[in-house]
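Asks: This is the structure I have questions about; it appears just below.
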C-alpha cells in the first residue's frame with residue numbers, strides 16, 4: 001500500500017514537471033515569453049482557465065459595469081506624491097494590473113479598470129510584461145466617454161528586460177506602440193521594469209548574459225533613451241522598478257534625468273535591505289511605489305496576521321486588514337498599487353485616506369520586518385549589501 005502511494009506521488013510530480021517544462025518551452029516561442037508564462041501559470045495556480053490556452057472561452061472573473069452606474073467622485077482627502085523633474089502629482093493609491101487571474105483575461109481587465117476609474121480611482125499601473133495594454137486602453141476610452149477626464153488619469157507602464165536590452169531603436173518603437181495600445185497621447189510614467197534578467201533561462205535571453213556588465217550597459221543605455229523620449233513628450237516622467245542601491249546609484253551618478261520613482265516590493269514584512277533602498281530613495285527625492293503591498297504571494301497569510309488583525313479589531317478606523325496594510329504604506333510616504341478585479345475590494349482599498357494609524361500601531365507594523373516566511377524579489381547584484389551609496393555628485 002505504501003509503495004503504491006509513493007509510486008502514484010512520483011507519477012504526479014513527474015507529470016507536473018513535464019507540464020511545466022512544456023509551458024516554458026511553448027512560452028519561449030512567444031513575443032513576450034516571461035509574460036506568456038505568467039499569464040498561463042498564474043490563472044492555473046488560482047484555479048482559473050488561462051486565456052493563453054482557452055482564448056475567448058474563458059469566463060470573465062470581474063462582474064460587468066452596469067450601463068447606468070454613475071461616475072463617483074474621487075476619494076475624500078486623496079493624497080498625491082509629487083514627482084521630481086515635472087512636479088506632476090501622482091495619486092498615491094493606484095490599481096495594479098498584474099499577478100492575478102483577472103489581470104490576464106481581456107474582458108476582466110477591461111471591466112476592472114473601468115470599475116476602478118468610475119469609482120474615483122485614477123492611477124493605473126501596467127507593463128509590457130502583463131500583456132494587457134489593449135483592454136486597458138479600451139477601458140480608458142470608455143471611462144472618458146462616461147465623464148472621467150484623461151487629464152486626471154495617471155497611466156504607468158514598464159519596459160521589461162528583454163525589450164530594453166535590444167537598444168534605442170527598439171525602445172522608441174515600443175513607446176509608440178504602448179501609447180497606441182493604451183489609446184493615450186502620452187504616458188504619465190514609464191519605468192524600466194527590472195535591472196536584469198528576471199527569468200534566467202538562456203533561451204529567454206539568447207543574446208545576453210544573466211548578470212554583470214552586459215545588463216549594466218543595457219539599462220544605462222535604456223535610461224539615456226528614455227530621457228530623450230521624455231524630452232520629446234511621449235512620456236512625462238521616467239523611473240525604475242525593482243532597483244537596488246547599486247542600480248539606483250548608477251543613475252544618480254549619470255545625472256541626465258530625474259528618477260521619478262522606484263517601484264519596489266514593499267510591505268511591513270519586507271527585509272531590512274528593502275528599507276535601506278527606500279531610505280536612499282527618500283534622500284534622493286525618488287518617490288517610492290509599493291507593489292505587492294498586501295504581502296504578494298503570501299497575501300492570505302499577511303491579511304490573517306495577528307498583528308494586522310489586532311490593529312483592525314482594536315479600534316482603528318479600518319474595516320479590513322488590507323486597509324491597515326495600505327494605510328501603513330501611505331503613512332510611510334509610499335504610494336501603493338494593490339491589485340483587484342473585485343469592485344467592492346477596489347472601493348474599500350480607495351477608502352483609506354480619511355483615517356490614520358496611531359503611532360503605536362505604526363511601531364507594531366514596523367516591527368514585522370525581516371519575516372522570512374514572506375517571499376521578497378531580491379534583485380541585488382551584491383546580496384551582502386556591500387555597496388557604496390555615496391553619489392559622485394556629493395563627493
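What follows is calculated from the coordinates using simple rules that are stated; it is not laboratory data. None of the values given here were measured: they were computed from a predicted structure. Glycine gets a Cβ as well: all are built from the backbone with ideal geometry, and neighbour counts include every protein chain shown.
Asks: When the helices in the chain are scored as -39500 (n - 2.57) per DSSP H run of 4 or longer and the sum is shared across all residues, what 222 nm value do you end up with, to the nearest 500 deg cm²/dmol? Walk me through the intermediate numbers first.
Replies: Working: 15 runs with 170 residues, N = 395.
The helix-only estimate for the chain comes to -13000 deg cm²/dmol at 222 nm.
Asks: Report, please, the projected area of region 217-348 averaged over directions, based on the convex hull of its C-alpha atoms, in nm².
Replies: Working: hull surface 38.5 nm².
Result: 9.6 nm².
Asks: While we're here: Subtracting the Cα-Cα distance from 0.36 nm times the residue separation, let me have the gained length for residue 319 to residue 216 in nm, one decimal. Present the calculation step by step, with values, prior to reporting the outcome.
Replies: Working: separation 103, 0.36 × 103 = 37.08 nm, distance 4.49 nm.
Working it through step by step, the gained length comes to 32.6 nm.
Asks: Based only on other Cβ atoms within 10 Å, what is the fewest-to-most ordering of 298, 360, 34? Spell out each step's value before the answer.
Replies: Details: 298 18, 360 10, 34 22.
Least crowded to most crowded, the residues run 360, 298, 34.
Asks: Students often check this: by mean Cβ neighbours within 10 Å, which of 76-83, 150-157, 91-98 ranks highest, and how do the rest follow?
Replies: Working: 76-83: 15.4, 150-157: 19.6, 91-98: 24.9.
Descending packing order for the listed peptides: 91-98, 150-157, 76-83.
Asks: Could you grab the relative contact order for region 110-204? Cα pairs under 8 Å, six or more apart, rounded to a whole percent.
Replies: Values: 114 pairs, mean separation 30.9, N = 95.
So the answer I get is 32 percent.
Asks: While we're here: Normalised by the residues of region 38-115, what does the relative contact order come to in percent, with Cα pairs under 8 Å and at least six apart? Please report the intermediate quantities before stating the final value.
Replies: On the way: 76 pairs, mean separation 29.4, N = 78.
Value for region 38-115: 38 percent.
Asks: Pop a pseudo-label 7 angstrom from the Cα along the beta-carbon direction at both residue 300 and residue 180 and give the gap in nm to one decimal.
Replies: A separation of 4.3 nm, rounded to one decimal place.
Asks: When every alpha-carbon pair in region 60-377 is counted, what percent end up more than 25 Å apart?
Replies: Pairs farther apart than 25 Å: 49 percent.
Asks: Counting alpha carbon pairs within less than 8 Å and at least 6 residues apart, what relative contact order, in whole percent, applies to the chain? Intermediate results must be reported in sequence, preceding the final value.
Replies: Numbers: 646 pairs, mean separation 64.8, N = 395.
Averaging sequence separation for qualifying contacts and normalising by length gives 16 percent for the chain.
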